[in-house]
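Asks: The structure's right below; bear with me while I get my questions together.
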Amino acid sequence: MRLASRQYRYLQALGIEVYREREPQDRGGSLKGTDLKSVPGDTPDTSVVAVSHNAEAEGIAADPAGKVVLDWEALQREVAGCRLCPLHEGRTQTVFGVGDVNADWMLIGEAPGAEEDRRGEPFVGRAGKLLDSMLRALGLDRQQVFIANILKCRPPNNRDPRPEEILACENYLNQQINTVKPRLILALGRVAAQNLLKTETPIGKMRGKRFHYGDPPIPVVVTYHPAYLLRSPREKRKSWQDLQLAMNIYNEQT
Ligand code: URA
């Protein structure tokens, strides 16, 4: 992957060490090249809902498996009013997701934090700023992708999502993915990766590989959660490698 100098500056700002090939005029002189050579991680039933007479007007349909499928605005309304798990009691608002409903890239995180709960948008805290920089290093911004979370409501004190909360929210995320139909999904962190891919494999064993979600299969790449990268900046190098893998897989399809 060829890196423009703007991307190079983003990577430097992220603290990611980038080795660049020397330009011919630089051989024997200072390093000023432009090519990257290598770069230094009580269960509610949400699936069956009767479809009302007014279903079409309400944006509701049923897929062949009998699951209710809502159009985008109906889905947003449904999420905003969701009371399927106890997390609705503590939320300021739901965090549906942000970006382009026709995006080629979909990024999936864990759950809203305090700032996201306050603003109603995913990844707007410190981890979100890092995520924005990672996207910019790929030549993308958050308006071009779609960013969502496994959970739409903030768990108290930022604890891990519970299995019953994940199950309650699962149908919303599946419908988001089926509507956006991204060409690539980037799973951010263990909770997103394990729940999306229905596995208990540790994240360290999942990153750097290609997985698939759904049918027709959408490629999935797993990388570390930006909040983890803030705590462990040395892992940013691996995360950048994951992003490059994602970009390569994406480019293969276009
Ligand atoms: N962490 C997440 O996983 N999602 C957010 O929206 C914010 C922080």
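The values are calculated or read from the model by the stated rules, or taken from the named source; none is laboratory data. As the structure is a computational prediction, the values presented were derived from the model and not from experiment. Note that each Cβ is placed from the backbone with ideal geometry, even for glycine, and that neighbours are counted across all protein chains shown. Each accessible area value is taken on the protein alone, full model and side chains, heavy atoms only, with ligands, DNA and RNA left out. Shrake-Rupley method; radii C 1.70, N 1.55, O 1.52, S 1.80 Å.
Asks: Give me the mean projected area, in nm² to one decimal, of the convex hull enclosing the Cα positions of region 81-149.
Replies: Projected over every direction and averaged, the Cα hull of region 81-149 covers 4.8 nm².
Asks: Hey, another quick one. Taking the mean number of other Cβ atoms within 10 Å as a proxy for protection, how do you rank 208-220, 102-114, 119-131, 152-164 from highest to lowest?
Replies: Top to bottom by mean Cβ count within 10 Å: 102-114, 119-131, 152-164, 208-220.
Asks: Say each of E170 and Q93 gets a label point 7 Å from the Cα, pointing the same way as Cα to Cβ; how far apart are those two points in nm?
Replies: It works out to 2.9 nm between the two label points.
Asks: So, counting K/R as plus one and D/E as minus one, what does the shell of residues with Cβ under 12 Å around N158 add up to?
Replies: That works out to -3.
Asks: Keeping all protein chains in place, calculate the accessible area per residue for region 140-204 (probe 1.4 angstrom), answer in Å².
Replies: 41 Å²
Asks: Could I have the simple spin-label model distance between Q144 and N158, label points 7 Å from Cα toward Cβ, reported in nm to one decimal?
Replies: Placing both labels 7 Å beyond Cα along the Cβ direction yields 2.9 nm.
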